Amino acid sequence: MKGKIFLTGGAGRIGQWVLKGLIERGYGVRVLVHRSRPEEIPGAKVEFVKGDLLDQTGLKESVKGCRYVCHLAAAWDMFPPAVHERENNQLFESIVRGTYNLLEASYPLNGLELFLYASTDAVYATGFRKFEAPITEDTLLVPSRFYALAKIVCESMCVQYGNLYGIPWFIARICWALAPDELLRIYRLEFWEESLSAEDKERLKPKIGGERGVFAPLMKNGESAVDHIADPRDIARGIVLAIEHHERARGQICNLAGPAPFRYTEVIERLAGGLGIPWDSARVSGIEPYELRNDRAREVLGYDPVFAMEKMIDQAVALRREGS
């Protein structure tokens, strides 16, 4: 066995794939279980520890004997309406205090190889902010909401725990990751409804509202909206690579994103055709195009994402057909 890893967020959309990837590579994994528990993997060297990131004493016991800490857990809302992100105090406790408690529990460990912290592209205010160039790890951090601010605070804590206590850290700035059963939601009219004009709502609801059709958002200038979305399996592969290549990963911050950004209008016909339903488009407010660069992750980790949006759409369509 290569070494034991303490994993938080192991039941999440990314964490479940990280868990599988680590097991396949011969690591023992101790998973913190708060509310949800990952599925059992027959024959795997997995321990499940009931606990809470707000229980520092419990965390100190849970991390004993681990050579790696992989911190993926955080309160986050995937889709509107936001529930967990409405209350700054709750976010502070779950994200900032939770990460602080885990750092406090981890830095005294003997032989700690890596403390991996999962941050987010929200630290760049992607989607809301206008960028003159692709986003690299050196792009200025500008939080768009308290969730992102909390993540920036935690990034800084990891770096400074490294400076103060010598903790070997790695930070992954993860882009929007959607599983196949979630992907279709961003192409529904209702996802964009709050950003549509009253006239467009009235025009589009009878045609493509509900699940009668799919929607491609346009920017204010009429050009296609642009997003950069990843499959959780790609992101998980990047996380596992950071553990595998921990000596190179130490002290690095890497974006982890899909292979490339995509334009909604360039993929919407593929989606509509696959589902056999109509599509339409309209201008939405408050969105800006962006691209996250994976260059550093590719150089440091060997990260090479494979799930382009077209492939993600094909898998989502196949899943929908199986369930219909």
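Just so it is clear, none of the values below were taken in a lab; they were calculated from the coordinates. Worth saying up front: this structure is predicted, and the values here are computed from it rather than measured. For neighbour counting, all protein chains shown are included, and Cβ atoms are generated from backbone atoms with ideal geometry for every residue, glycine included.
Quick look at the values:
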| quantity | calculated |
| --- | --- |
| Protection proxy ranking of 241-247, 199-205 - average other beta-carbon atoms within 10 Å, highest first | 241-247, 199-205 |
| Shape of region 120-238, Cα gyration tensor, a/c cut at 1.5 | prolate |
| Sequence-distant residues sharing a close amide H with L256 (under 5 Å, placed H) | R173, I174, C175 |
| Rounded to the nearest 20 debye, dipole of the chain from Cβ charges on Lys, Arg, Asp, Glu | 620 debye |
| Positive-end residue, region 94-210 charge dipole about Cα centroid, Cβ charges, pick of L114, I167, T99 | T99 |
| Cα centre as origin, Lys/Arg/Asp/Glu Cβ charges: region 89-166 dipole, Debye | 280 debye |
| Gained length - D314 relative to K60, 0.36 nm times residue gap less alpha-carbon distance | 87.0 nm |
| Lysines whose Cα lies under 26 Å from that of K45, excluding same-chain neighbours fewer than 8 positions away | K2, K4, K20, K60, K64 |
| Ranked L109, L140, L53, criterion: other C-beta atoms within 10 Å, fewest first | L140, L109, L53 |
| Three-way shape label, the chain, alpha-carbon gyration tensor, a/c 1.5 | prolate |
| Rounded, prolate or oblate (a/c below 1.5 giving rounded, otherwise prolate when a/b exceeds b/c) for region 92-165 by Cα gyration tensor | prolate |
| DSSP bridge orientation in the chain - percent antiparallel, rounded to nearest 5 | 10 percent |
| Extension gain (nm, one decimal) between K201 and R298, 0.36 nm per residue minus Cα-Cα | 30.7 nm |
| Listed residues T120, T99, T139, most fluctuating in the chain (Gaussian network, C-alpha, under 10 Å) | T139 |
| Estimated 222 nm signal from helices in the chain, with DSSP H stretches of n ≥ 4 weighted -39500 (n - 2.57), rounded to 500 | -10500 deg cm²/dmol |
| For region 158-295, alpha-carbon Rg over 2.2 N^0.38 Å | 1.34 |
| Positive-end extreme of charge dipole, region 189-276 - chosen from L275, A216, P206 (charges on Cβ) | L275 |
